[in-house]
Amino acid sequence: MKGVIPAIVTPFKENEELDLDSLETYMQFLKRNGIEHFFVLGSTGEFNMLSFEEKVTFLKKLADITNNGIVNVTENSTYNALKLAKIVVDLGFEEMASLPPLYHKPSEKGIIKYFEDLSRLGIPLNMYYYPQNSYQITEDVIKKLVEEGIIQGMKYTTNDLVSFKNLISLKEINKEFSLLIGNDELFLESYLAGGDGLVSAVANMAPELVVKEYELLKNGNLTEALKIQKMVEKINKAIMIGDYPSTLKNGLKYRGIYVGKVRSPLQESVDGNSLIYGVLKELGL
């Protein structure tokens, strides 16, 4: 998968129950602003805050609206990850992704087996790699997963552009391998290095902006793309203030899309909200 892919939020009501009624308005907003595919139940979607049953309920509702996306099926055991992955396949979603199990640290053999088991379900599997919030996986393990056809892509959330560039060589093993950056501030540099696109937080509240940058990059208009990249970075810095993704959800509210609050113990940030409203107003959004 290529292009700009918002990592969508999970809407909650004031009582912190799932707010399924707001999903359609939210998805329509993204679609009419140029978004075609979505990254579902990632960090931005507060996946670790949801029960297994809530994930299934959310996915069923989302599939009624769109199944164009990559669904994160991260669970702390292969057993539970496979249960969720089978539901994702049955609902017709395009692709799935997974972090390695988060708490107990499996051996390299266990990590390979985990992804191998998920890969047998018949849709493309991506590694969701976020070493800052999980743990390091060696490049040798990643290379083996690509060589054996176990993973077809990767969402790499990192501040380290050098390590991202090192993974571009995976395309020499599989020219169809998709490498997506999970950091809005490195979108332009990662694309120029050979990346395939962005799993984006900013594209939730400013989808037209990030989509425009991607089109400019594809057309080789680096000067104009750089101008937009600076806007994207300004928005990204604002939404990272406070307990993520609380400020992002309030940025969507500013744009007329209500997706509720974050789940406790996450808290809203008064400073973050004030800054994001100011930035969006400054940029004319």
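The values are calculated or read from the model by the stated rules, or taken from the named source; none is laboratory data. Predicted model, so just to flag it, every value in this text is computed and none were measured. With ideal geometry, Cβ positions are generated from the backbone for all residues, glycine too; neighbour counts draw on all protein chains shown. When the accessible area is computed, the model is the full protein with side chains, heavy atoms only, and any ligands, DNA or RNA have been set aside. Shrake-Rupley method; radii C 1.70, N 1.55, O 1.52, S 1.80 Å.
Worth a mention:
- Evaluation of Lys155 against (1) open to solvent by 10 Å² or more (accessible area, probe 1.4 Å); (2) in a loop (DSSP other than H, G, I, E, B); (3) in contact with a strand residue (DSSP E or B) (Cβ under 7 Å, 6 or more places away or on another chain) (one fails), failing number: (2)
- Any chance Glu282 is at pLDDT below 95 and out of contact with any Gly (no Cβ under 9 Å at 6 or more places or on another chain): yes
- Hits in region 124-152 - residues which are open to solvent by 30 Å² or more (accessible area, probe 1.4 Å), in contact with a helix residue (DSSP H, G or I) (Cβ under 8 Å, 6 or more places away or on another chain) and closer than 21 Å to Val89 by Cβ: Glu148, Gly149
- When Asp64 is tested against (1) under 30 Å from Lys175 (Cβ atoms); (2) assigned to a helix (DSSP H, G or I), exactly one condition is not met: (1).
- Filtered residue count, region 23-46, keeping only those that are within 13 Å of Tyr244 (Cβ to Cβ) and buried (at least 22 other Cβ atoms within 10 Å of the Cβ): 3
- All positions within region 67-92 that are assigned to a loop (DSSP other than H, G, I, E, B), closer than 23 Å to Lys2 by Cα and either open to solvent by 10 Å² or more (accessible area, probe 1.4 Å) or of a type in the set (D, E, K, R) (or both): Asn67, Asn68, Leu91, Gly92
- One residue stands out in region 7-22 among those that are closer than 18 Å to Val88 by Cα and out of contact with any Phe, Trp or Tyr (no Cβ under 6 Å at 6 or more places or on another chain): the one that is most open to solvent (accessible area, probe 1.4 Å), namely Leu20.
- The condition of being in contact with a Pro (Cβ under 8 Å, 6 or more places away or on another chain) and at pLDDT 95 or above does not hold for Ile5.
- Matching residues, region 158-173, being of a type outside the set (Asp, Glu) and either open to solvent by 50 Å² or more (accessible area, probe 1.4 Å) or within 18 Å of the chain's Cα centre (by Cα) (or both): Thr158, Asn159, Leu161, Val162, Phe164, Lys165, Asn166, Ser169, Ile173
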